[in-house]
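The block underneath contains the structure these notes are about, expressed in C-alpha cells.
The values are calculated or read from the model by the stated rules, or taken from the named source; none is laboratory data. None of the values given here were measured: they were computed from a predicted structure. Neighbour counts run over all protein chains shown; Cβ positions are idealised from the backbone, glycine included. Ligands, DNA and RNA are excluded from the accessible area calculation, which covers all protein heavy atoms including side chains. Shrake-Rupley method; radii C 1.70, N 1.55, O 1.52, S 1.80 Å.
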Amino acid sequence: LGAFCVYARKDPKGPWAEAARRMVEGLKERIIVEGDVAYLSSPAVEPGWPVQKPIQKPLKYTAAVACQTAHGLAQYDRLVVGKPGEATELAGKMLRYIFRDAEFFAPDGTFLNNRIGDETNHFHTHTMVVLAALEVAAMTGEKDLLEWSQKTYNYAVSKGNSLVGYFPEFLHYEPSTSETCEVADMIMAAIMLSRLGKDHWDDADRWIRN
C-alpha cells in the first residue's frame, strides 16, 4: 500500500492511486472496530475468506504486526487523499489497540515479549509501531499516540548505544546483533518526533553521521 501511494505521486496518470484505494477498501472490511480501538480480523487472508470476529483478540506480536497495515492506511490519506480521513482514523484506532491493549508495550514504553512464554523482544517490530503512530499523530495531532511514541523512543534509546546509533535486533539475546531495520527506524523516529516538537535532532544527526 505504501508503495502504491509513492507511485501514485510519481505517476499521477497511472493505475496506482486506484489500486491503493481498492486496497484500502478491502482492508476496511477486515478491520474489527470496537469503540476507540480496532484490530485485524485475522493476521493473514486468502481470497474468499469470511470476515469473522476472532474468539480471542490478537495479542503481542500477532497484534503488533498490524502496525504495517495502519502505517499504509495513514500514508494513503497523506499521499493520495491529501488530508486525514477514515483511513487515518482506522489507523489511529489500530495503533491505540497495539499500544494499550495488545500486551506488547508496558505503560512506560517498555518493550514486552513477542509471545506469551517467550522472552524475545524484536526491536524492529516495536519501533515500526512508533513510526506508524507518528505518521498518524503528524496528521491528526493525537496526543496519546505522540506521548506513547515518546516513551517508547526513550526506552529504545536506553537499550542500544545511543552515542553511535547501534540498536540490537533482539533484546535478551547474546551475542547481540544489529539489523539496519532498527537503525533506520530510530533515525526516522528521531526526525519525526523532532518535527512534532520533541527535540531529538542531535540524535538523528549523530546516528546518520555514524
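Over the chain, Cα pairs under 8 Å with separation of 6+ residues give a relative contact order of 16 percent.
Determine the share of the range 68-210's accessible area contributed by carbon and sulfur atoms, expressed in whole percent, with a 1.4 angstrom probe. Intermediate values should be presented prior to the final figure.
On the way: 3390 of 6620 Å².
The computed percentage sits at 51.
When you filter the chymotrypsin sites (Phe, Trp or Tyr not before Pro) in the range 110-203 for DSSP loop state and at most 14 other Cβ atoms inside 10 Å of their Cβ, you are left with Tyr173.
Given a Förster distance of 22 angstrom, what is the FRET efficiency for Asp202 paired with Ser158, based on the Cβ-Cβ distance and rounded to 0.05? Taking R0 as 22 Å, the efficiency between Asp202 and Ser158 is 0.85.
Placing unit charges on the Cβ atoms of the charged side chains and taking the dipole of the chain about its Cα centre, the candidate lying farthest along the positive direction among Leu163, Thr110, Gly72 is Gly72.
Backbone geometry of the range 161-177 corresponds, through the Karplus equation with coefficients 6.51, -1.76 and 1.60 at θ = phi - 60°, to 3J(HN,Hα) couplings of 10, 6, 6, 9, x, 8, 9, x, 5, 10, 7, 6, 9, 10, x, 8, 10 Hz, x marking Gly and Pro. Largest GNM mean-square fluctuation among Ser176, Ser194, Ser41, using the chain with Cα springs under 10 Å: Ser176. In a fully extended conformation the segment linking Ala106 and Glu34 would gain 23.8 nm over its present Cα-Cα distance, using 0.36 nm per residue.
Reducing the range 79-131 and the range 25-56 to their Cα centroids gives an inter-centroid distance of 16 Å. In this label model, Glu179 and Lys10 are separated by 2.3 nm, measuring between points 7 Å along each Cα→Cβ vector. In this label model, Gln52 and Met188 are separated by 3.5 nm, measuring between points 7 Å along each Cα→Cβ vector. Seen against the Cα atoms of the chain and their longest principal axis, helix 67-76 is set at about 60 degrees.
Quick one: which of 133-139, 52-58, 179-185 comes out on top by average Cβ neighbours within 10 Å, and what's the full order, highest first? List each step's numbers first, then the result.
Details: 133-139: 24.4, 52-58: 11.4, 179-185: 17.7.
Most protected by this proxy first, the peptides run 133-139, 179-185, 52-58.
For the chain, the longest principal axis of the Cα atoms and the long axis of helix 143-158 meet at an angle of about 40 degrees. 3J(HN,Hα) couplings calculated from phi for the range 130-138 with the Karplus curve 6.51 cos²θ - 1.76 cosθ + 1.60 (θ = phi - 60°) are, in sequence order, 4, 4, 5, 5, 5, 4, 5, 4, 5 Hz; Gly and Pro show x.
How many percent of Cα pairs in the range 1-127 exceed 24 Å? Mind dumping the intermediate values first?
Details: 2645 of 8001 pairs.
I get 33 percent for the Cα pairs in the range 1-127 exceeding 24 Å.
Backbone amide hydrogens, once placed in the peptide plane, bring His200 within less than 5 Å of Ser194, excluding anything fewer than 5 places away on its chain.
For the chain, the solvent-accessible area with a 1.4 angstrom probe is 52 square angstrom per residue. Longer than 23 Å from Cα to Cα, which of Lys57/Lys143; Lys57/Lys83; Lys53/Lys93 are they? Say none if no pair is. Checking Cα-Cα distances, Lys57/Lys143; Lys57/Lys83 exceed 23 Å.
Let me make sure I get this right: for the range 86-194, a, b and c are the square roots of the gyration tensor eigenvalues over alpha carbons, sorted descending. Under 1.5 in a/c it's rounded, otherwise prolate if a/b > b/c, else oblate. Which is it? Write down the numbers at each step before the final one.
Details: a/c = 2.16, a/b = 1.39, b/c = 1.56.
Oblate, since a/c reaches 1.5 and b/c is not below a/b.
Extending 7 Å from the Cα toward the beta-carbon at both Lys83 and Ser41 defines two label points whose distance is 3.1 nm. Between the Cα long axis of helix 16-29 and the first principal axis of the chain there is an angle of about 90°, rounded to the nearest 10.
Once you keep just the Cα pairs under 8 angstrom separated by 6 or more residues, what percentage relative contact order results for the range 111-174? Provide the component values of the computation, followed by the final result.
Details: 53 pairs, mean separation 24.3, N = 64.
Value for the range 111-174: 38 percent.
The amide H of Phe105, built 1.01 Å from its N in the peptide plane, has Leu112 as neighbours under 5 Å, considering only residues 5 or more places off or on other chains. Bridging of Lys28 to aspartates and glutamates at a Cα separation below 17 Å is possible for Glu18, Asp36, Glu46, Asp77, Glu86, Glu89, once same-chain residues fewer than 8 apart are set aside.
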